[in-house]
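*Asks:* First, the structure itself, so that you have it in front of you.
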Amino acid sequence: MSAQSIYDQAPLGALIRYSDGTPRPPQRFKNKLAAWENNNSVGRLVRKAASRTIGNHTTPASFTLHQGDFGSASVVVLKVFKTFSVGSPLTFTIVERPKPGMVGVLDRAGEGGELLHLADNRAAAQTWLASHRYADAVLDEVVDDDATADSGEGRAA
């Protein structure tokens, strides 16, 4: 799939794999492997941003993947995100969609909301939200609807 297809069809919370199509270099080539991993990895879709114009500059639509958290003793020190323009030349694949009944915790309501956490059910989402305290957060349940899977939209309004 193209980056535009991911932007149009993938629901927040989906696990997305991206690749430049080149083969993985051997483990012994540390620098080549690090460069390859920059263009070949996986992440959870947490944000979609529409195209916008500021002055004479137009920023294309984009989406952001959460690639991981780093820290120790249950304390996250660093969150790693990667943002892609819809014009990205990489190839994308939806590895996993959020299952019906899962609940996403978004930082705010509306189109610009960013996925903070994806819980298995509403009770788990409320427990997570109570311990993390986001003022404007909203819960967004994934609905079981075949039409949403066909259109690519996996979120309830």
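*Asks:* Working from Cα positions, state the angle (0 to 90°, nearest 10) between the long axis of helix 30-39 and the longest principal axis of the chain.
*Replies:* Tilt relative to the chain: about 50 degrees.
*Asks:* Rank the residues ARG133, ARG24, ARG108, ARG97 as a footprinting-exposure proxy: fewest other Cβ atoms within 10 Å of their Cβ go first.
*Replies:* ARG133, ARG24, ARG108, ARG97
*Asks:* While we're on this one: When the chain is modelled as a GNM with alpha-carbon springs shorter than 10 Å, which of ARG44, ARG28, ARG52 fluctuates the most?
*Replies:* ARG28
*Asks:* If neighbour count is taken as other Cβ atoms inside 10 Å, put SER51, SER85 in order from fewest to most.
*Replies:* SER51, SER85
*Asks:* Right, here's the next one. Rounded to the nearest 500, what is the 222 nm mean residue ellipticity of the chain from helices alone, with -39500 (n - 2.57) per DSSP H run of 4+ residues and division by all residues?
*Replies:* Rounded to the nearest 500, it is -6000 deg cm²/dmol.
*Asks:* If a/c stays under 1.5 just call it rounded; otherwise compare a/b with b/c (prolate if a/b is bigger, oblate if not). Do that for the range 1-135, with a ≥ b ≥ c from the square roots of the Cα gyration tensor eigenvalues.
*Replies:* Oblate is the answer for the range 1-135, as a/c is 1.5 or above yet b/c matches or exceeds a/b.
*Asks:* Which residue fluctuates most in the GNM of the chain (Cα springs below 10 Å): VAL77, VAL46, VAL142?
*Replies:* Evaluated over the chain, the most mobile residue of the options is VAL77.
*Asks:* Counting other beta carbons within 10 Å of each Cβ, put PHE70, PHE63, PHE81 in order, fewest first.
*Replies:* PHE70, PHE81, PHE63
*Asks:* Still on this structure: Helix 122-132 against the longest principal axis of the chain: what's the angle in degrees, Cα atoms only, rounded to the nearest 10?
*Replies:* In the chain, helix 122-132 runs at an angle near 80 degrees to the longest axis.
*Asks:* OK, next. Take every Cα pair under 8 Å in the chain that's 6+ residues apart, average their separations, divide by the length, and report that relative contact order as a whole percent.
*Replies:* 26 percent
Laboratory data are not the source of any read-out in this text; all were calculated from the coordinates shown. None of the values given here were measured: they were computed from a predicted structure. Please note: Cβ atoms are built from the backbone with ideal geometry, for glycine as well, and neighbour counts cover all protein chains shown.
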